[in-house]
Amino acid sequence: MGKERVYRGYVEEGLALRRTRPWRRTTAVHREQRQPATARHDSWSRAVVADQLADGRRCRAWPLIDIVTREWLAIEVGQSLGGQDVVAALQRLRFARGLAQWISCDHGPECVSAAMALGAYPHAVCLDCSRRGTPTDTATIDSFSGRLREECLHVQWVASLEDAQQTVEAFRWDYDEHRPHRALAGLSPRDYAQRVTMTAADSPS
């Protein structure tokens with residue numbers, strides 16, 4: 001029996017069964033109600049910012065921030081950033097400070113890759129991909145990415161990837177150490193992170 005005859009009978013009988021899970025390259029689960037992040041390392045968010053070097057070559061930056069403390073945790077710069085690059089950065093953070101419970105991201109190829117899934121799930125890290133057409137899911141990282149473009153990438157003339165890495169690293173250090181933030185009661189991300197850590201240590205378990 002050919003597939004056309006089977007499909008015709010399938011349609012005539014009204015057997016329009018929907019998939020219980022979306023068909024994607026990445027492992028998918030049923031979306032649950034998103035819980036607001038209340039503690040440090042509860043949720044991180046990442047995005048990709050595109051720019052170009054002085055000679056016209058493409059340059060991409062990959063910032064990662066903490067939703068609660070607004071700390072800029074890591075930055076990767078390269079011409080093309082894949083899932084292996086993201087996993088390598090997460091591994092360095094895992095040994096330095098641990099990993100978050102949730103990582104909010106978009107549907108970029110480096111996020112839905114098999115390498116990203118294999119690097120996150122063994123450490124109980126949930127990848128929370130944004131819903132299509134819902135920009136509020138990544139509002140925090142989108143706001144930060146705009147500031148990174150306006151205050152760093154668009155005002156600096158970088159000649160190489162190494163120069164770009166040093167430039168954004170200097171901007172990251174200044175942002176974490178000295179930039180007051182209205183959402184953090186006028187404190188810098190680093191000062192606010194220290195306050196959150198001290199408060200959590202003093203609170204009874």
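The values are calculated or read from the model by the stated rules, or taken from the named source; none is laboratory data. For clarity, every value in this text was computed on a predicted model and none was experimentally measured. Cβ placement follows ideal geometry from the backbone for every residue including glycine, while neighbour counts extend to all protein chains displayed.
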| message | Which numbered condition in (1) assigned to a helix (DSSP H, G or I); (2) among the hydroxyl-bearing types (S, T, Y); (3) in contact (Cβ under 8 Å) with a residue 12 or more places away in the chain is the only one that T136 fails? | response | (3)
| task | Could you please let me know if R46 is charged (D, E, K, R) and at pLDDT 75 or above? | result | yes
| note | region 72-133: strands (runs of 3 or more DSSP E) wholly inside it with 3 or more residues that are touching a Ser or Thr at 6+ places or on another chain (Cβ under 9 Å) are 102-105, 126-129
| note | Quick count over region 63-96, residues being of a type in the set (F, W, Y), surrounded by fewer than 20 Cβ atoms within 10 Å (Cβ to Cβ) and within 15 Å of the chain's Cα centre (by Cα), is 0
| task | Filter region 160-195 down to residues that are surrounded by 11 or more Cβ atoms within 10 Å (Cβ to Cβ) and more than 22 Å from the chain's Cα centre (by Cα) and give me whichever is farthest from A39 (Cα to Cα). | result | S160
